[in-house]
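Just below is one structure, and these are the notes that go with it.
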Amino acid sequence: MFNNPIISIGLPVFNDEKYIGYAIESIINQSFTNFELIISDNNSNDRTEEICKTYELKDKRIKYFRQNCNIGQRNNFEFVLNKSMSEYFMWASSDDYLEKDCLEELFLTICNNVNSVLAFPNVKLVDESNIFLGKLNIKPNDQKEKSKLSFIRSLALGSKRCSYVFYGLWKTKILKSYLPLPKCRYYDGVFANYVGLHENFCYSGKYNWCRRIYVQLNFERYESKDKILFKYYTSNLQSLKAIFELLKMIVYRNFRIKYINRYLTVLFFYSYYILVGILSTSSYLRRLSIFLKIKEIGITTEKTNNNV
């Protein structure tokens, strides 16, 4: 065990007895070993606590915390980050898993890109039985995506790339400087997109983060991540307010204009955001039809190989 691990991995979990053991195994068996694993159990009522405590006894790198009550998913994600004292930090998902070289590749990538605050991999898609389904190529953000209007537009369209890069390897100090996580649904994608507006990201190009797709609940899980945010927020006043506050942060940080003009700029972006949400419905339906075809034939845009 390392006294001062260079990487902290935060694993928030709630009622995931089926896959939490597999996720932990994939982490503790990484080729890169200089890390700690911080698990925060959000008051699970299944066997999650028992499984995590068993692993904690086996591996001294594991620190297990159990919340006295359910503090909510977003707060649970912040909890594991705030427990980290390492130079680098990475969130892990309790039902996904990492291939053996994932952490090593990300660490080498971010060390070789000193101006970047985040390194992230490409994604393999697997089913409940870990059978390979296909790949997702997650490209790094470019200069065009750093424009203010492009950022607001990507909020309305709900970019999947942003929610995936959220689970990459971050520089902890800079990551914490952008807290708190936004109080809105799809906060992982919104947060990653917001940080990407100000900072550089890099990616390893390796397909070694495995994202689980559920056959029975496939559509529901993807809908919750990919539906245009406008539809969420019109039914959630708190999220509407959160987006408004997020836009204020963007404008106040990036536009050197007088107060009243800044406020008017926020209102403009807010109107733009809602307008794009309305107009993007047809685009969303096209993406949905493509996804249903993928689901029907069991592959993604790249050739599959069940032996991978």
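Any chance you could run the full-extension gain for residue 28 through residue 3? It's 0.36 nm times the residue separation minus the Cα-Cα distance, nm to one decimal. Mind showing how you got there, number by number?
Working: separation 25, 0.36 × 25 = 9.00 nm, distance 1.63 nm.
The residue 28-residue 3 span can extend by a further 7.4 nm.
Applying a 10 Å radius around every beta-carbon, put 165-171, 100-106 in order of their mean neighbour count, most first.
Result, highest mean first: 165-171, 100-106.
Order of 54-61, 193-200, 70-77 by packing, highest average Cβ count within 10 Å first? Intermediate results must be reported in sequence, preceding the final value.
On the way: 54-61: 14.0, 193-200: 18.9, 70-77: 16.5.
Going from most to least packed, we get 193-200, 70-77, 54-61.
Residues with amide H under 5 Å of residue 200's amide H, sequence separation 5 or more or different chain, H placed in the peptide plane at 1.01 Å from N; which?
Counting only residues 5 or more places away or on other chains, the set is 117.
FRET efficiency for residue 127 and residue 56, Cβ-Cβ distance as r, R0 = 41 Å, nearest 0.05?
Numbers: r = 29 Å, r/R0 = 0.70.
That gives a FRET efficiency of 0.90.
Hey, can you rank 28-37, 4-13, 117-126, 204-213 by average C-beta count inside 10 Å, highest first? List each step's numbers first, then the result.
Working: 28-37: 17.3, 4-13: 21.2, 117-126: 23.1, 204-213: 19.5.
Listed from highest to lowest mean packing, they are 117-126, 4-13, 204-213, 28-37.
With every protein chain left in place, what is the accessible area per residue of the stretch 1-94 in square angstrom, probe 1.4 Å?
Working: 4360 Å² over 94 residues.
The answer is 46 Å² per residue.
Can you pull the one-decimal nm distance between simple spin-label points at residue 65 and residue 43, each 7 Å off the Cα toward Cβ?
Placing both labels 7 Å beyond Cα along the Cβ direction yields 1.6 nm.
Starting from the Cα gyration tensor of the stretch 66-141, take the square roots of the eigenvalues, sort them a ≥ b ≥ c, and report rounded, prolate or oblate (rounded when a/c is under 1.5, otherwise prolate if a/b is larger than b/c, else oblate).
Details: a/c = 2.18, a/b = 1.13, b/c = 1.93.
Oblate, because a/c is 1.5 or more while a/b does not exceed b/c.
The values are calculated or read from the model by the stated rules, or taken from the named source; none is laboratory data. All of these numbers come straight from a predicted model, not from anything done at the bench. With ideal geometry, Cβ positions are generated from the backbone for all residues, glycine too; neighbour counts draw on all protein chains shown. Calculation scope for accessible area: heavy atoms of the full protein, side chains included, ligands and nucleic acids excluded. Shrake-Rupley method; radii C 1.70, N 1.55, O 1.52, S 1.80 Å.
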